[in-house]
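Everything on this sheet refers to the single structure shown next.
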Amino acid sequence: MKSFIKKEWDQYFLTNRWLIFFVIFIALGIMNPFTAKITPVLIENMMGDEFSSAFGEVTAVDSWLQFFKNVPQLGLIGFLLMMANSMSKELQEGTLPIFLAKGLKRKSVILAKLLAHTMMWTIGYLISIGVTYLYTIYYWDQSIVQQLPLALFGIYLFALLFIFITFLGNTITNSTMGGLGLSGIVLIVLIFLNTFFDSKWNPFMLFNEINERLLNDIAFSYSEPFLTIIALMILCVTFAILHFNKRAI
């Protein structure tokens, strides 16, 4: 399994995907505080001082709000596009039978790929956090930001869930669009449930009232959405392994 994980890791670097990946997350880290700082200036230039003053003074919270908007959207979408064919590509090219013939267990293939994706997402996420933090403390007082570690971890887990879902869809359908499509369906369902049903177990709750949590430290229960995400991730791994074990290679 170690050799297969190394192979997965090498694929990111041999194909230069790592360069694209890190550039995206560094750029997002820079863009978050920059967008927060430049938005009032743009509004003032376009609509005047009176209109821009209604938005209030920009603080470190605004910078992190940009983080929670940009990274789960642009960053995660970019990453999903990069890894959405990780199983189907190898199945179509016929490279997996070589490893399986050498004694690699099918379960190990699934776990190794998910571990490699998790490692890459974690590195990119931490890079974006680090760049955002450095620019934020340069411009604003960071001490006013509340519940930041929990909020960051919640969005990290939320994104990781969709990496697992995309991988499951790709494994089952043997197509890139199958993986992305399954993630899209799950996201629509979560948004629908969050809109019409008030459930603290919905993972999408992690995006609710994030402004108030960061600014005013309001009470918020993270444990229920965290448990839901972990349970769904376990189901994704289980179904991916069960399907791959039955699949003819």
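The values are calculated or read from the model by the stated rules, or taken from the named source; none is laboratory data. These numbers come from a predicted model, not from an experiment. Here the Cβ positions follow ideal geometry from the backbone for every residue, glycine too, while neighbour counts run over all protein chains shown.
Of 212, 224, all but one fail to be acidic (Asp, Glu) and free of Cβ contacts under 8 Å to residues at least 24 places away in the same chain; the exception is 212. The residues listed here are 153, 158, 162; of these, the one that is exposed (fewer than 15 other Cβ atoms within 10 Å of the Cβ), out of contact with any strand residue (DSSP E or B) (no Cβ under 8 Å at 6 or more places or on another chain), within 25 Å of residue 30 (Cβ to Cβ) and modelled with pLDDT of 95 or more is 153. Among the residues making up segment 177-198, those that are in contact with a Ser or Thr (Cβ under 9 Å, 6 or more places away or on another chain) and either assigned to a loop (DSSP other than H, G, I, E, B) or hydrophobic (A, V, I, L, M, F, W, C) (or both) are 180, 182, 193. Do the conditions hold for residue 57, that is, is it of a type in the set (D, E, K, R), surrounded by 12 or more Cβ atoms within 10 Å (Cβ to Cβ) and modelled with pLDDT under 90? Against the criterion (of a type in the set (D, E, K, R), surrounded by 12 or more Cβ atoms within 10 Å (Cβ to Cβ) and modelled with pLDDT under 90), residue 57 does not qualify.
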